[in-house]
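No value in this document is a laboratory result; all are computed from the given coordinates. The structure displayed is predicted, hence computed values, not measured ones. As a convention, Cβ positions derive from the backbone with ideal geometry for all residues, glycine included, and neighbour counts pool all protein chains shown.
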């Protein structure tokens, strides 16, 4: 079992970004920001938008940072470390604290178990509390064997033909729930690599039934105020079949499991050109959308920076989310928001800052959509007007408003620029060394 004991004296001198440092950075950019903000707010007010309400909604929108995204990622061929990577759970928490200090929108961390087992939950929570952080969903891992593991997941975990292997995977998920309870988490995310590589290798129906039976045992251990997020993926690491291959299978499982089970949407877990916004609308209509793993892709599960490839699709997804969240008839609970990306060539912290900005921009743009006007256009089958309404919102540059929301909350007007001006990565390399490798990767 992986363990890590928090020693406060080790982190007392770790890099932290003071409010005064951020204020110094902001003073350099404030004149230009004020000019852009005044122009934007004047236009928004002229169009009938409540800018104060928009600012509050933008400021309140928080995203969880996954513990596994704080180091450089890799491909099937190689991984190139970036220097100063976090060597422990505590250092990962410190890195999320740096992000949150800069953008005031990264107020929680999502742990991956067993990569990031909290050795002392009380002390780990104390460190997070110092940085104004909470713990989001905990994520189980049965897609790889751990050191000295009795039974292998090579041919599956919760769907395995051998009961002993299934019980190992079930117990792991229960252990993850217990770690989460100690940290104040309220959700368990389950993603399975289970599937087959060749025709005839697996009985599809029996694999599904074994998975459902295993999930039922895990579900029975959930506290009353918890949720289970069932994640899906069409392929990889198995390429012929995946047990939970699409949103429909996840939705079917969530429905069979009960009221605490929901579908989790990872934007990269779809075949090319899938209409993700339609999936989102359907799940919200059924009250079964649990949350999101945000990323972007060109071909598959590329785990690229959010909004770097398909920003309009991201906006369209948020348009459905905003409509669903504001629909009085909706029974869907507030979704959980998390970034899930792999940083192969970028600095992980800079990449995460960019992703948070892109997500908040798409959300803010979606808030501009007049849904009554849009519905009227739809009722009249006016495709041209419907497109105009959506693209008018999408083409409105709301970055000054997002920057103002950060400024009010005590963050940086330009987080990436501040990150670089403050030499954050250089400081982290000085503290941790250049040849460090992030735990779990």
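Judged by the ratio a/c of the largest to the smallest principal axis of the C-alpha gyration tensor, segment 263-340 counts as prolate, that ratio being 1.5 or greater while a/b is larger than b/c.
Tell me the relative contact order for segment 165-266 as a rounded percent, counting alpha carbon contacts under 8 Å between residues six or more apart.
For segment 165-266, the relative contact order is 31 percent.
Ordering of 296-302, 173-179 by packing is 173-179, 296-302, highest average first (other Cβ atoms within 10 Å, averaged per residue). One decimal place: the segment residue 130-residue 145 gains 2.0 nm when fully extended, by the rule 0.36 nm per residue minus the C-alpha distance.
With contacts defined as alpha carbon pairs under 8 Å and 6 or more residues apart, what's the relative contact order of the chain in percent?
Answer for the chain is 22 percent.
Using all C-alpha to C-alpha distances in segment 67-175, build P(r) with 10 Å bins and read off the rounded percent in each one. Using 10 Å bins, I get a P(r) of 13, 36, 31, 18, 3 for segment 67-175. The per residue volume of the convex hull around the alpha-carbon atoms of segment 24-111 is 167 Å³.
Plugging the Kirkwood radius over Cα pairs into Stokes-Einstein for segment 396-441, at a temperature of 20 °C and a viscosity of 1.002 mPa s, what D comes out in µm²/s? Calculated translational D: 166 µm²/s. The relative contact order of segment 300-394, computed from alpha carbon pairs under 8 Å that lie at least 6 residues apart in sequence, is 37 percent.
First check a/c for segment 177-294, with a ≥ b ≥ c the square roots of the eigenvalues of its C-alpha gyration tensor; if it is under 1.5, answer rounded, and if not, answer prolate when a/b is larger than b/c or oblate otherwise. Oblate.
Rounded, prolate or oblate: which fits the chain, taking a ≥ b ≥ c as square roots of the Cα gyration tensor eigenvalues, rounded meaning a/c under 1.5, else prolate when a/b beats b/c? Judged from the Cα gyration tensor, the chain comes out oblate (a/c at least 1.5, b/c at or above a/b).
Once you reduce segment 19-44 and segment 97-166 to the center of their Cα atoms, the two points are 38 Å from each other.
The helix-only estimate of mean residue ellipticity at 222 nm for the chain, built from DSSP H runs of length n ≥ 4 each weighted as -39500 (n - 2.57), is -15000 deg cm²/dmol after division by the residue total.
Give me the distance between the Cα centres of segment 236-291 and segment 407-429, rounded to whole Å. Cα centres, segment 236-291 to segment 407-429: 36 Å.
Quick note on segment 315-430: its Rg to Rh ratio, both from C-alpha atoms and Rh being the Kirkwood radius, is 1.08. The slack in the chain from residue 417 to residue 434, taken as 0.36 nm per residue of separation less the alpha-carbon distance, amounts to 3.9 nm. GNM, the chain, Cα, under 10 Å: largest mean-square fluctuation among 59, 409, 377? Taking springs between Cα atoms under 10 Å, the residue moving most is 377.
Among 111, 253, 40, the largest mean-square fluctuation in a Gaussian network model of the chain (Cα springs under 10 Å) belongs to 40. Comparing 77, 204, 419 in a Gaussian network model of the chain (Cα springs below 10 Å), the most mobile by mean-square fluctuation is 77.
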